[in-house]
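Notes follow once the structure below has been shown.
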Amino acid sequence: MCKVQVDQSGYTLLEALLQLLCLCMVAATIPLIIPWYEKTKEFMIGTNTAEFEVFLSEFRADLQKSEAIYVVNDQEIQLEQANETNPEKKYLSTYRFSKNRIIKTYGLGDGTDIKLVAVTKVHFSLEKELFIIQCKMGNDTIRRRTFVLSLK
């Protein structure tokens, strides 16, 4: 006669349910950790925020000196400024989004300057006396700034 042996390895139903519960708790915290990690990384490194704020500071100074603003398209604008050396001619500078950067082209053939890098999307718009910049850098959320204009 053959003797049947019962294998005692494995988990009981209660142990399996406890393991499933622990796994679900860990999985539920992952969506909470990812945004915290991105904010912490941005806060610790701070490069995107710092670069964007420096760009805005320089751009705000150009806006204050401008006499007129022309939106060529949603990714290019032109600022018209007075020319101190020749009052008959206007100084025209252009901000343009090209190849993941914002470039400023100076009027009167003075050259170009890269103002902001690692940009994935830009949208310039002018509505009445409000100038709006929407800028997305890397995987960050879109940064939006609105400037109130008082052009002469």
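Values in this text are rule-based calculations from the coordinates and carry no lab data. Treat the numbers as computed from the prediction; the structure is a model and nothing was measured.
Stretching residue 101 away from residue 19 to a fully extended chain increases their span by 24.6 nm, per 0.36 nm per residue minus the current alpha-carbon distance.
Please give the contour-minus-distance gain from residue 49 to residue 37: 0.36 nm per residue of separation, less the Cα-Cα distance, rounded to one decimal in nm.
Numbers: separation 12, 0.36 × 12 = 4.32 nm, distance 1.58 nm.
2.7 nm is the gain from fully extending residue 49 to residue 37.
Taking 0.36 nm per residue of sequence separation and removing the Cα-Cα distance, the residue 26/residue 85 pair yields an extension gain of 14.5 nm.
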